[in-house]
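For reference, the structure is listed below as structure tokens.
Values in this text are rule-based calculations from the coordinates and carry no lab data. Keep in mind the model is a prediction, meaning the values are calculated, not measured. So basically every Cβ, Gly included, is an ideal-geometry build from the backbone, and we count neighbours across all protein chains shown.
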């Protein structure tokens, strides 16, 4: 589900979205939120059941309780039956929400 406070039509396959929130669900019976992607400005491309979203500014990816990733100059790709991919080119920060046992052993 793609949401924003404003959308600007670019052409038949592209939309510029302000205050974008892209929410991806698990797709199973629970249909719970799997991943959220947030950015102040992004361009969404919708072609052949493939969703590509990218932007030059900041992005924040939240993967339920597992981890968060932030950065700038990014591209996210998700298509039916394929893995989700996020590429970040600048100022990447990753926070893992898990206990790291025996890290300094």
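None of 75, 90, 83 is on the phi < 0 side of the Ramachandran plot, free of Cβ contacts under 8 Å to residues at least 24 places away in the same chain, within 13 Å of the chain's Cα centre (by Cα) and surrounded by fewer than 13 Cβ atoms within 10 Å (Cβ to Cβ) except 83. Taking the criterion of being surrounded by fewer than 15 Cβ atoms within 10 Å (Cβ to Cβ) and without any contact (Cβ under 8 Å) to a residue 24 or more places away in the chain, would at least one residue in the stretch 51-59 satisfy it? Yes, the stretch 51-59 contains a residue that is surrounded by fewer than 15 Cβ atoms within 10 Å (Cβ to Cβ) and without any contact (Cβ under 8 Å) to a residue 24 or more places away in the chain.
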